[in-house]
Amino acid sequence: MVEEAVDKLGEMTAKDARDYIGKYCAEDNVNELTISAQVIACSVIHPSAHHYPDIHRFLFYLGNGRYRRCDPQDDGLWEIAPNGAPRIIREIKDKWNSLQSDKFWRSSVIAERNTRRVFCC
């Protein structure tokens, strides 16, 4: 539902996602707090994203509560990696980041690489 909202709205806030889902998916009766949590969980670099499990991450956090669909060619590849007790979010800057395959970039999958969870937006 959140993915459908960002595809229709482009840049959005969690409130925009809640309003969209409330209007177009009302029959699903989804809790508004759940939608807000899913927006953060689907974000690549939101400061609280590391609290959520490794799921399909397709939103790029712009700051000030705004999100848009992540574009790995512009935004890079990101991972949530262990750093002692807390996990950290960091950009991956290596040659793997320079892959240019359209099929790869459009796949919107989470790829496993060297036991790290790498998020391909």
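Just so it is clear, none of the values below were taken in a lab; they were calculated from the coordinates. On a predicted model such as this, the values are computed, not experimentally measured, just so you know. Virtual Cβ from ideal backbone geometry, glycine too; neighbours counted across all protein chains shown.
Residue by residue, the stretch 30-43 carries 3J(HN,Hα) couplings of 8, 4, 4, 5, 5, 5, 4, 5, 5, 4, 5, 4, 8, 8 Hz when phi is fed to the Karplus relation 6.51 cos²θ - 1.76 cosθ + 1.60 (θ = phi - 60°); x denotes Gly or Pro. Modelled spin labels at residue 30 and residue 51, positioned 7 Å past Cα toward Cβ, are 1.9 nm from each other. Hey, got a sec? Which GluC sites (Glu not before Pro) in the stretch 4-77 land in a DSSP loop and have at most 15 other Cβ atoms within 10 Å? Sites meeting the loop and neighbour criteria: 11.
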